[in-house]
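Since the structure comes first, as structure tokens, the remarks are kept for the end.
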Amino acid sequence: MVPTRTTHGDGLSAVIYRRDGAPRPVLTGAVQSSPNETSDRLGLEALQAAIRASWSLETCDPTDAAAWTPANPSRGQCAATALVVHDLMGGELLEAEVHYHGGERQGFHYWNRLAGVDVDLTREQFTTNEVVQEPHVIDRLPEFPWRAQEQYLVLRRRVQEAMQMQPREGS
């Protein structure tokens, strides 16, 4: 399999692996810790509280920054949040297109699947005019930087501080 570089319609960079001709979407960003190292000592409730306390305009995806407000702090936080949950809890990453009721694509939404259960900490970000489509599992390839890498790094650092975790060397 030879990876090819592509871009989603909204500019999100991705790497596609072609198996039997079908593209395979991926969310990229460096994996900073092994899930096995921390998942046993993290509770999902504590992680959720730390993540929610860490959201801000500074951690919002740049494409959603104009729509971010303290009243809707999860707006634009889905990809960075999914990556942080993946860093600390493992599991699978999910991606789905988001459409307006008229069918036009709004963008993409990301969340996690842990032990077969979907965990979406940012679902409330959407308006009643935005509909999340069916998800599919995506791979995470750490060798390619993600478009909102800085926002992810800020969120990860804040969550580690809130959870009183020692950042890994180089993070």
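Every read-out reported here was derived from the displayed coordinates using simple, explicitly stated rules and does not represent laboratory data. Since we're looking at a predicted model, the values are computed, not measured. Here the Cβ positions follow ideal geometry from the backbone for every residue, glycine too, while neighbour counts run over all protein chains shown.
Things to note:
- Taking label points 7 Å from Cα along the Cα-to-Cβ direction, Thr63 and Val154 give a separation of 1.9 nm.
- Each label point was placed 7 Å from the Cα along the Cα-to-Cβ direction; for Arg105 and Val117 their separation is 3.2 nm.
- Peptides 89-95, 110-116 ordered by packing proxy, namely the average of other Cβ atoms within 10 Å per residue, highest first: 89-95, 110-116.
- Remark: the Val98-Asn129 segment gains 10.2 nm on full extension, using 0.36 nm per residue and subtracting the alpha carbon distance.
- Share of pairwise Cα-Cα distances greater than 24 Å in the range 28-162 is 24 percent (whole percent).
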